[in-house]
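The values are calculated or read from the model by the stated rules, or taken from the named source; none is laboratory data. From a predicted model like this one, the values you see are computed outputs, not experimental measurements. Note: ideal-geometry Cβ built from the backbone for every residue, glycine included; neighbour counts use all protein chains shown. Quick note on the areas: whole protein, heavy atoms, side chains included, nothing else; ligands and nucleic acids left out. Shrake-Rupley method; radii C 1.70, N 1.55, O 1.52, S 1.80 Å.
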Amino acid sequence: MIKAEAKRLGFLSCGISKAEFLEDEAPRLEKWLNQNMHGEMKYMENHFDKRLDPTKLVEGSKSVISLLLNYYPSETQKDSNAPKISKYAYGTDYHFVIKDKLKQLLYFIQEEIGDVSGRAFVDSAPVLDKAWAAKSGLGWIGKNSNLLTQQVGSFYFIAELIVDLQLEYDTPVTDHCGTCTACIDACPTQAIVEPYVVDGSKCISYFTIELKEEIPNGFKEKFDDWMFGCDICQDVCPWNRFSKPHSEPLFNPKPELLEMTKKDWEEITQEVFSKVFQKSAVKRTKFSGLLRNIRFLEDK
């Protein structure tokens, strides 16, 4: 019943797992943090216990309902020489879109089942989204550390409802990366340091979104024209041949975003930035941050 309603709300798929301590993830997360692979993302060091145990995050929780929402666009930026934006940021900020759908799903569960309490999460709290989605059988964690699904690839958002309701639990699927190393070979900054391990502090998405200081000069000419985020390891993944365009109107970009030329981006003003990215996730980097990224690409 919950899965049918999730589908009706537009989610790609829904999987359910038991809310319990993520035993396999604990040593992995600890090692990743100890090796400083989170760079300046100091918030990753906070709430270590809550990240691994949903019962510490949502009191009395019994189930984690994981959901996927497709964002693969039907069109991409027109000018092949223009600075690039990650596809997930084309339309309205996903936090708002998904939070709304999650609230509707929780309300449905309460209406149909009764006194159920829970919380909705869209990468805005210490929840290991990919680990829960994999545990719930929605895909496997690929060599680029993204969740991959045979039928639809990886261009989707992951979100959760953590509830105090016992449900039937799904089982994980097997890994289908095989001997493929397309993502590792294609990463221009060598951020995928070994299969399944990404050094966040070397990732283009980290430099263009998370890093607040100047981008290190050592990475000049390695950005492949990405000014906000990066899709390289997804674009080259063979499973993304199966990506189909989303059907969420709110994820459609403003037409002018796709039309902007290299020159338009280089001459962008605060006014244009505010208009084109009115409700966009790109606002996270602010106008000054986007300008820094564009200058970094220009300054070869």
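Extension gain for residue 18 to residue 225 (0.36 nm times residue separation, less C-alpha to C-alpha distance): 70.3 nm. Across the range 178-300, Cα pairs under 8 Å and at least six residues apart give a relative contact order of 31 percent. Compared with the dominant Cα axis of the chain, that is its longest principal axis, helix 94-113 is turned about 10°.
In summary, the aspartates and glutamates within cross-link reach of residue 212, defined as a Cα separation below 16 angstrom excluding same-chain residues under 8 places away, comprise 40.
Of 121, 21, the residue with the largest accessible area leads and the full order is 21, 121 (1.4 Å probe). Taking each of 3/130; 222/283; 143/283; 78/143; 42/78; 143/279 in turn, the alpha-carbon distance tops 26 angstrom for 143/283; 78/143; 42/78; 143/279. For the chain, the list of Cys residues with no other Cys C-beta under 4.7 Å reads 14, 177, 180, 187, 203, 230, 237. Amide hydrogen proximity for residue 226: with H placed 1.01 Å from N in the peptide plane, the residues at 5 or more positions away or on another chain lying under 5 Å are 84. Accessible surface area normalised per residue over the chain is 50 Å², counting heavy atoms of protein chains with a 1.4 Å rolling probe.
Solvent-accessible area assigned to carbon and sulfur over the chain amounts to 50 percent, based on a 1.4 Å probe.
Here the Debye sum runs over all C-alpha atoms of the chain as equal scatterers in vacuum, and log10 of I(q)/I(0) at q = 0.11 Å⁻¹ comes out as -0.69. Based on DSSP H segments of at least four residues, each scored -39500 (n - 2.57), the chain has a per-residue ellipticity at 222 nm of -8000 deg cm²/dmol. Post the alpha-carbon centroid distance, the range 269-300 to the range 173-225, in whole angstrom. Distance between centres, Cα-based: 21 Å.
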